[in-house]
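Reading through the structure tokens given below for one structure.
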Amino acid sequence: MSLYENIKQKIYFRLEEALKKAKETGELDFKEVPEYVLEEPRERQHGDLATNLAMVLAKQAKKAPRDIAKVLIAHLNTDDTWIASSEIAGPGFINFRLNPGWLLEVIPEVMKQKERYGAVNIGQGEKVQVEFVSANPTGLLHMGNARGAALGDSLASLLAMAGYEVCREFYINDAGNQIYNFALSLEARYLQQLGYDVPFPEAGYHGEDLIATVKRIIDRDGDKYVSMEEDARRDYLVRFALEEKIAGIKETLEKFGVVYDVWFSEQSLHDSGYVQDTIKELEKKGYIYEKEGALWFKSTLFGDEKDEVVVRKNGVPTYFAADIAYHRHKFSRGFQRVINIWGADHHGHVARMKGAMQALGINPDSLQVILMQMVRLIQNGEVVRMSKRSGQYITLEDLIDEVGKDAARFFFIQRDPDSTVEFDLDLAKSQSADNPVYYIQYAHARLCSIMRQAKEMGYELNVEPSLEQLRLLTSQEERDLLKKMADFPGEIAVAAKMAEPHRIARYALDFASLFHTFYNSHRVLVDDEQLRTARLSLIISVKQVLANAIRILGVSAPEKM
RNA sequence: GCGCCUGUAGCUCAGCUGGAUAGAGCAUCUGCCUUCUAAGCAGGUUGUCGGGAGUUCGAAUCUCUCCAGGCGCGCCA
């Protein structure tokens, strides 16, 4: 438990004690203690911690909140809590001012835990899988995938920091109709490149990248597939293209700072018979019926708007069937919690997938789907429709090249998944130097610079500050930094619990700002050895905490800028 | 038509398990480099929190309704 949580815990306990005593003496009458909070007030003048306990109790106790507060304070034992003073404020808040000493403990704590500082254990080693991006391997990664990549990767890092055992997974849609279309498109491009006048399939993939792929096939194998039988030809072309596409996707994601633990093939589920087996399992449990020659899953039993086809009239299982099998497979691998990051356009899929899990006897709540809203790409002031089929899109590769990995990742992580984001590439390019990520990185570089100079001046960086030295950190700027560092584990806990990595982006930004303020008002490398040691220990800690936050965002922490 | 998401400063967005005076970046204006990185700091300007009604001691936050935008409602994925 973090220092901060420790203190809060104790005060909570003492508040409960005070309530009990007040009830015993008959000063307060209530049946049940309602939900109340003990939190840091927004306004500094309202103290370090505040509780609304007296206000939420007003109804039951039939007393004015301020009077209740008075009684509570009278009975509150503040020994050993760091509480320096308690006062009643506003409509009935109880504000506590803490003895500043508690904050000093944060520095030794950070120095001890180093890159682990901030880690909490709300996950308790639970196995959780985060599946994200899972883009079709028929084309290149686009802006929506970029958002998913940034979000999913940061969420995974965040959960790892919160005590979960995390697995990052990419589901490869290497089966089904789209692959057939892909094959037809490849075939047409192949023949066209070799001078044959063949039409391009209407539903084909128009991307330029397909032509490049086909050219490489020709470089390697020439026209040997022209005379081949249709099926075999398509099979060769697809196999070559898929391998190349997936390798490319992997490479691009790695450039974006995302490394997966597992790449899971949809085709493998068909090959192993797992899809069929899953359908049979559902059938056995009575959730499948036949209508108009197709097999349907009774998803309406689970709140879906209508039932869904799992096996087509032609005998081919649908994508949905494979996806059910895939999710069943996930849970069979021992994940207690499975998180999917999907685009909002897949939202209709959520209810039936959860329903399918329930039908299979899996707790649907252990599957969590995070929907992220669309990325609207703006160019020349107009919305550009992105589509793989039309071949018109800005790729993740373009984004990394033109905007930069750090700026791009931060742009996405900063935002709540629920908000539709507008991405104006021209603006992003011209403003990439204004991206707030540099503000954070600059703080880190400055911290490193101070430490470099301290070293040059022959100062010890392995400081172990004494309490007397730490007590010299009395300025508002120093206290704000200490406070923010003490908050970090709590921020991790909340962000992980809510699966909201964008909170960490906000934290890093606020923290960097506090540091810049400090930097401009105090010098670290002063002549006074005592103060210098104290401040050095402070900035060593600040750098550590900042680096820990940045690491979760998947952004680099440069030593120089 | 039904379902989900969104509407907060000129722009891009935080804040939304209700809390005391609604925030940040960009833009704009004024100061600050003989001292550890000015990619920085300090300060000024900027709001019918889409409209309305309700619940509450208290609403940007919860409920209802209306308006506007996005997405979905395939034997596509």
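The values are calculated or read from the model by the stated rules, or taken from the named source; none is laboratory data. None of the values given here were measured: they were computed from a predicted structure. Positions of Cβ are backbone-derived with ideal geometry, glycine not excepted, and every protein chain shown enters the neighbour counts. Accessible surface areas use protein heavy atoms only, side chains included; no ligands, DNA or RNA. Shrake-Rupley method; radii C 1.70, N 1.55, O 1.52, S 1.80 Å.
Is it the case, given these coordinates, that residue A:481 is in the same structural domain as residue A:541 (by TED's automatic domain parsing), more than 30 Å from residue A:130 (Cβ to Cβ) and in a loop (DSSP other than H, G, I, E, B)?
Against the criterion (in the same structural domain as residue A:541 (by TED's automatic domain parsing), more than 30 Å from residue A:130 (Cβ to Cβ) and in a loop (DSSP other than H, G, I, E, B)), residue A:481 does not qualify.
Looking at A:402, A:382, which is the one that is at pLDDT 80 or above, of a type in the set (Asp, Glu) and open to solvent by 30 Å² or more (accessible area, probe 1.4 Å)?
Among A:402, A:382, only A:402 is at pLDDT 80 or above, of a type in the set (Asp, Glu) and open to solvent by 30 Å² or more (accessible area, probe 1.4 Å).
Can you work out which of the residues in the stretch A:213-250 that are in a loop (DSSP other than H, G, I, E, B) and among the hydroxyl-bearing types (Ser, Thr, Tyr) is nearest to residue A:145 (Cα to Cα)?
Among those residues, the one meeting the criterion is A:225.
Identify the single condition in (1) in contact (Cβ under 8 Å) with a residue 12 or more places away in the chain; (2) in the same structural domain as residue A:321 (by TED's automatic domain parsing); (3) open to solvent by 30 Å² or more (accessible area, probe 1.4 Å); (4) within 16 Å of RNA strand B (Cβ to nearest atom) that residue A:290 does not satisfy, given that it satisfies every other one.
Tallying (1) in contact (Cβ under 8 Å) with a residue 12 or more places away in the chain; (2) in the same structural domain as residue A:321 (by TED's automatic domain parsing); (3) open to solvent by 30 Å² or more (accessible area, probe 1.4 Å); (4) within 16 Å of RNA strand B (Cβ to nearest atom), residue A:290 fails exactly one: (1).
Is one or more of the residues making up the stretch A:470-477 among the acidic types (Asp, Glu) and open to solvent by 90 Å² or more (accessible area, probe 1.4 Å)?
No: zero hits.
Within the stretch A:503-512, take every residue that is open to solvent by 40 Å² or more (accessible area, probe 1.4 Å) and near RNA strand B (Cβ under 7 Å from one of its atoms) and give me the one that is farthest from the chain's Cα centre (by Cα).
Only one residue fits best here, namely A:506.
I want to confirm something. Restricting to the stretch A:159-212 and keeping residues that are of a type in the set (Asp, Glu) and part of a helix (DSSP H, G or I), which single residue is surrounded by the most Cβ atoms within 10 Å (Cβ to Cβ)?
Residue satisfying both the conditions and the ranking: A:187.
Considering only residues that are within 13 Å of residue A:187 (Cβ to Cβ), small (Gly, Ala, Ser) and modelled with pLDDT under 90, which ones fall in the stretch A:198-249?
The one that is within 13 Å of residue A:187 (Cβ to Cβ), small (Gly, Ala, Ser) and modelled with pLDDT under 90: A:204.
Just the residues that are within 23 Å of residue A:508 (Cα to Cα), hydrophobic (A, V, I, L, M, F, W, C) and either modelled with pLDDT of 85 or more or not in a helix (DSSP H, G or I) (or both), please, taken from the stretch A:427-464.
Once the filter is applied, which keeps residues that are within 23 Å of residue A:508 (Cα to Cα), hydrophobic (A, V, I, L, M, F, W, C) and either modelled with pLDDT of 85 or more or not in a helix (DSSP H, G or I) (or both), the stretch A:427-464 yields A:437, A:440, A:443, A:445, A:447, A:448, A:450, A:451.
Here are some conditions: (1) touching a residue at least 40 places away in the same chain (Cβ under 8 Å); (2) part of a loop (DSSP other than H, G, I, E, B). Residue A:144 meets all but one. Which one does it not meet?
Result: residue A:144 fails condition (2) only.
Of A:459, A:519, which residue is within 10 Å of RNA strand B (Cβ to nearest atom) and in the same structural domain as residue A:533 (by TED's automatic domain parsing)?
Just one listed residue meets the conditions, A:519.
Quick check, is residue A:96 open to solvent by 80 Å² or more (accessible area, probe 1.4 Å), within 39 Å of the chain's Cα centre (by Cα) and at pLDDT 90 or above?
no
Against the definition (part of a helix (DSSP H, G or I), within 12 Å of RNA strand B (Cβ to nearest atom) and either of a type in the set (Ser, Thr, Tyr) or at pLDDT below 95 (or both)), how does residue A:423 come out, yes or no?
No: the conditions fail for residue A:423.
Quick check on residue A:152: is it open to solvent by less than 30 Å² (accessible area, probe 1.4 Å), among the small types (Gly, Ala, Ser) and either assigned to a loop (DSSP other than H, G, I, E, B) or free of Cβ contacts under 8 Å to residues at least 12 places away in the same chain (or both)?
no
Would a scan of the stretch A:532-554 turn up a residue that is on the phi > 0 side of the Ramachandran plot, at pLDDT 95 or above and outside any helix (DSSP H, G or I)?
yes
If we scan the stretch A:407-428, do we find a residue that is aliphatic (A, V, I, L, M), open to solvent by 80 Å² or more (accessible area, probe 1.4 Å), more than 16 Å from residue A:500 (Cα to Cα) and outside the structural domain of residue A:151 (by TED's automatic domain parsing)?
Yes, there is a match, as at least one residue in the stretch A:407-428 is aliphatic (A, V, I, L, M), open to solvent by 80 Å² or more (accessible area, probe 1.4 Å), more than 16 Å from residue A:500 (Cα to Cα) and outside the structural domain of residue A:151 (by TED's automatic domain parsing).
Looking at A:494, A:526, which is the one that is among the β-branched types (Val, Ile, Thr), surrounded by fewer than 19 Cβ atoms within 10 Å (Cβ to Cβ), within 11 Å of RNA strand B (Cβ to nearest atom) and over 30 Å from residue A:47 (Cβ atoms)?
Every option except A:526 fails the conditions.
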